[in-house]
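*Asks:* Take this structure first; my questions come after.
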Amino acid sequence: CIRELDAWGVGRARKNGHISQVQAPGHDRPRCVYVDFVNTGPAVSKTLRAQLQRTSGVRRTGDLLVTELALADGACVGAHAVHIATGRTITIASKATIIATGGLTRLYARNSASLNMGGDGYALALGAGAELIDMEFVQYFPIGHLAPRLVGMDPIMWDPFRYKLGGKLVNAEQREFLGEEGRYATARDHATRAILEEVAQGRGSPHGGVWLSFEHCGETELRAAFGPIIDRLKANGIDLTRQAIEVAPMAHYHMGGIRVDADMRTAVPHLFAAGEAVGGANGANRLSGNAITEALVFGRRAGERAAALAARTPMPPAVGAAPARAAKRDINPAAEIVRLQ
Ligand SMILES: Cc1cc2nc3c(=O)[nH]c(=O)nc-3n(C[C@H](O)[C@H](O)[C@H](O)COP(=O)(O)OP(=O)(O)OC[C@H]3O[C@@H](n4cnc5c(N)ncnc54)[C@H](O)[C@@H]3O)c2cc1C
């Protein structure tokens, strides 16, 4: 998948003609590839969209919010959706359906998510009769920005800073409590736990996190590594040569999700899932860099299996409109979460 994406023009960083690789915390060797440190995700999305444009036989549609899956005799036969611009409801019939709606971290007060990561896919899957697993396994990004106020910049931008410059993660006593000695080496789950422990022991920063400092780096080193980003930080009133910033864990990724088999099939016939919507591939903690690769590798598999099934399945007869939903006032959400776990 890495080579294929490269052939499609994703533009990975290279050194001496080879794709550059960095070692992320928790990895035992350098195996993370990137485009540039802050643009890998958008570059991958753009490349996939461009490749889709070049591919014939794929009909695309947008601005639809899927609200429910359509079922017939227990099998998935399509989806009901709302057209966001007009509010019109529509129904799509399908021979095979893949849920690829991403994760749920938007549900958390502090998160790195975009607006569309509210866990819709889990509700769609559950409503259709599929199973969910490991729903309690949410990954926290340990060094999400906390203070001072940062406008228009990614709250997890300190990750690339640590890759390139190391940085010192210190508590209120100015002690590097992770024992990293300026290296970026601790996996996210361990770092998150350690930060929360420092705060609980009264050694946190004023806003309830810890300090991340690049004050030992000179202006020249910072500019060589991050050029225009240093100016954008200055526009936010942040001068890294003179001040440490406060960081704290924020919800970043969901290891749990829809249960699938090795062919990415859910428990509902003709319903597949892929990407962050799927649970179980990472256990209780995901290592950096494994999410996009997981989405690409298992996304391909889901697509191939769904296409093969569709090729031998007749189009379902007209799918009816979404059934009117009965108000579920008797459901206690807290009790429901405990039951599902
Ligand atoms: C800030 C940030 C940085 C990251 N950096 C990295 C990284 O460097 N390396 C790495 O491996 N991973 C990284 N990750 C994780 C990785 O990007 C995600 O796990 C991955 O993109 C998930 O891909 P996906 O296709 O499954 O879901 P998404 O990319 O989230 O796409 C889901 C799509 O489904 C749509 N959708 C959702 N609900 C509905 C609905 N009801 N109806 C219709 N459409 C719907 C959404 O609008 C969205 O377009 C990062 C995540 C974040 C938030």
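The values are calculated or read from the model by the stated rules, or taken from the named source; none is laboratory data. As the structure is a computational prediction, the values presented were derived from the model and not from experiment. Every residue, glycine among them, receives a Cβ derived from its backbone with ideal geometry; neighbour counts consider all protein chains shown. Heads up: the accessible areas ignore ligands, DNA and RNA and are worked out on the full protein's heavy atoms, side chains in. Shrake-Rupley method; radii C 1.70, N 1.55, O 1.52, S 1.80 Å.
*Asks:* Are any of the residues in segment 252-262 surrounded by fewer than 20 Cβ atoms within 10 Å (Cβ to Cβ), outside the structural domain of Gly26 (by TED's automatic domain parsing) and free of Cβ contacts under 8 Å to residues at least 60 places away in the same chain?
*Replies:* Yes: segment 252-262 contains one or more residues that are surrounded by fewer than 20 Cβ atoms within 10 Å (Cβ to Cβ), outside the structural domain of Gly26 (by TED's automatic domain parsing) and free of Cβ contacts under 8 Å to residues at least 60 places away in the same chain.
*Asks:* I'd like the full set of residues that are within 25 Å of the chain's Cα centre (by Cα), more than 9 Å from the ligand (Cβ to nearest atom) and either open to solvent by less than 40 Å² (accessible area, probe 1.4 Å) or without any contact (Cβ under 8 Å) to a residue 12 or more places away in the chain (or both), limited to segment 66-79.
*Replies:* Leu69
*Asks:* I need the full set of residues from segment 110-133 which are open to solvent by 20 Å² or more (accessible area, probe 1.4 Å) and under 16 Å from the mean Cα position of the chain (by Cα), in order please.
*Replies:* Passing the criteria: Arg110, Asn111, Ser112, Ser114, Leu115, Asn116, Met117, Gly118, Asp120.
*Asks:* Here's something else I'd like to know. Which of the numbered conditions does Val278 fail, given that it passes all the others? Conditions: (1) more than 12 Å from the ligand (Cβ to nearest atom); (2) without any contact (Cβ under 8 Å) to a residue 60 or more places away in the chain; (3) of a type outside the set (Asp, Glu).
*Replies:* Against the list (1) more than 12 Å from the ligand (Cβ to nearest atom); (2) without any contact (Cβ under 8 Å) to a residue 60 or more places away in the chain; (3) of a type outside the set (Asp, Glu), Val278 comes up short only on (1).
*Asks:* Report yes if Arg329 is modelled with pLDDT under 70 and within 16 Å of the ligand (Cβ to nearest atom), otherwise no.
*Replies:* Spelling it out, it is not the case that Arg329 is modelled with pLDDT under 70 and within 16 Å of the ligand (Cβ to nearest atom).
*Asks:* Let me confirm something: among Arg106, Arg110, which residue is in contact with a Pro (Cβ under 8 Å, 6 or more places away or on another chain), within 15 Å of the ligand (Cβ to nearest atom) and not small (Gly, Ala, Ser)?
*Replies:* Of Arg106, Arg110, the one residue that is in contact with a Pro (Cβ under 8 Å, 6 or more places away or on another chain), within 15 Å of the ligand (Cβ to nearest atom) and not small (Gly, Ala, Ser) is Arg110.
*Asks:* Please go through (1) assigned to a helix (DSSP H, G or I); (2) within 10 Å of the ligand (Cβ to nearest atom); (3) open to solvent by less than 40 Å² (accessible area, probe 1.4 Å) for Gly303 and return the number of the only condition it doesn't satisfy.
*Replies:* (2)
*Asks:* I'm checking my understanding of the structure. Among residues of segment 147-171 that are surrounded by 19 or more Cβ atoms within 10 Å (Cβ to Cβ) and of a type in the set (Lys, Arg), which one is farthest from the chain's Cα centre (by Cα)?
*Replies:* The selected residue is Lys168.
*Asks:* Further question: Among the numbered criteria (1) within 11 Å of the ligand (Cβ to nearest atom); (2) charged (D, E, K, R); (3) surrounded by 11 or more Cβ atoms within 10 Å (Cβ to Cβ), which single criterion is violated by Asp63?
*Replies:* (3)
*Asks:* A follow-up question, please. Got a sec? Which strands (runs of 3 or more DSSP E) wholly within segment 62-145 have at least 1 residues that are touching an Asp or Glu at 6+ places or on another chain (Cβ under 8 Å) and outside the structural domain of Glu176 (by TED's automatic domain parsing)?
*Replies:* 64-72, 75-83
*Asks:* On to the next question. Determine whether segment 172-185 contains at least one residue that is in a helix (DSSP H, G or I), surrounded by fewer than 21 Cβ atoms within 10 Å (Cβ to Cβ) and touching a strand residue (DSSP E or B) at 6+ places or on another chain (Cβ under 7 Å).
*Replies:* no
*Asks:* Another one. Go through segment 20-49 and give me each residue that's away from the ligand (no atom under 12 Å from the Cβ) and either in the same structural domain as Gly121 (by TED's automatic domain parsing) or open to solvent by 40 Å² or more (accessible area, probe 1.4 Å) (or both).
*Replies:* Gln21, Gln23, Gly26, Asp28, Arg29, Pro30, Lys46
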